[in-house]
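Working notes, structure below.
The values are calculated or read from the model by the stated rules, or taken from the named source; none is laboratory data. This one's a predicted model, so the numbers in the text were calculated from it and none came from an experiment. So basically every Cβ, Gly included, is an ideal-geometry build from the backbone, and we count neighbours across all protein chains shown.
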Amino acid sequence: MKILLVCSKAFYDKLDYFKKELECLGHDVSMPNRYDAPKFNVPKGDTDTFALWKAEKIKHSEEVIKNMDAILVLNYDKNGQKNYIGGAAFLEIYDAFRLGKKIFFINALPDGILKDELIAFKPTIINGDLKLIK
């Protein structure tokens, strides 16, 4: 299965582990947008430049998801929020749903204003068990 890892940049330190483990299980794994350069220079200055840059990243993610069978969301605790999902990750989850891809979460869905939408996407919660990805 072709799987895209999706997560907050705060969890990038976990990605190599998941890539290795999933590949050992026979999956083809793609890393998140900007994984190779998570701290490269984000455009500073005017809002329009930043907005164009951010829109490009969001569109790129959609193109990547089109070529995947599934996404695996690494949702860990961040800044006191249990099982955190950021805005960009939510958009990637939505794209996967809209494109008919399988959606897996490493941990339970977070509570919050988007929980109803996340439930509607019918993800599979694997509770850390990568063998459940099929």
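Key figures
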read-out	value
Condition met for S8 (at pLDDT below 95, within 18 Å of G128 (Cβ to Cβ) and surrounded by 14 or more Cβ atoms within 10 Å (Cβ to Cβ))	yes
Residue tally, condition farther than 24 Å from H60 by Cα and either buried (at least 20 other Cβ atoms within 10 Å of the Cβ) or in contact with an Asp or Glu (Cβ under 9 Å, 6 or more places away or on another chain) (or both), over segment 82-108	3
Sole exception among (1) without any contact (Cβ under 8 Å) to a residue 24 or more places away in the chain; (2) more than 14 Å from V6 (Cβ to Cβ) for H27, by number	(1)
Which numbered condition L132 misses (of (1) closer than 15 Å to V6 by Cα; (2) in contact with a Ser or Thr (Cβ under 8 Å, 6 or more places away or on another chain))	(1)
Hits in segment 11-57 - residues which are modelled with pLDDT of 90 or more and hydrophobic (A, V, I, L, M, F, W, C)	F11, L15, F18, L22, C24, L25, V29, M31
Failed item, numbered, when G100 is tested on (1) farther than 20 Å from N127 by Cα; (2) part of a helix (DSSP H, G or I); (3) at pLDDT 95 or above	(2)
Residue in segment 114-130 that is among the basic types (K, R), assigned to a helix (DSSP H, G or I), over 21 Å from F18 (Cα atoms) and over 15 Å from the mean Cα position of the chain (by Cα) present	yes
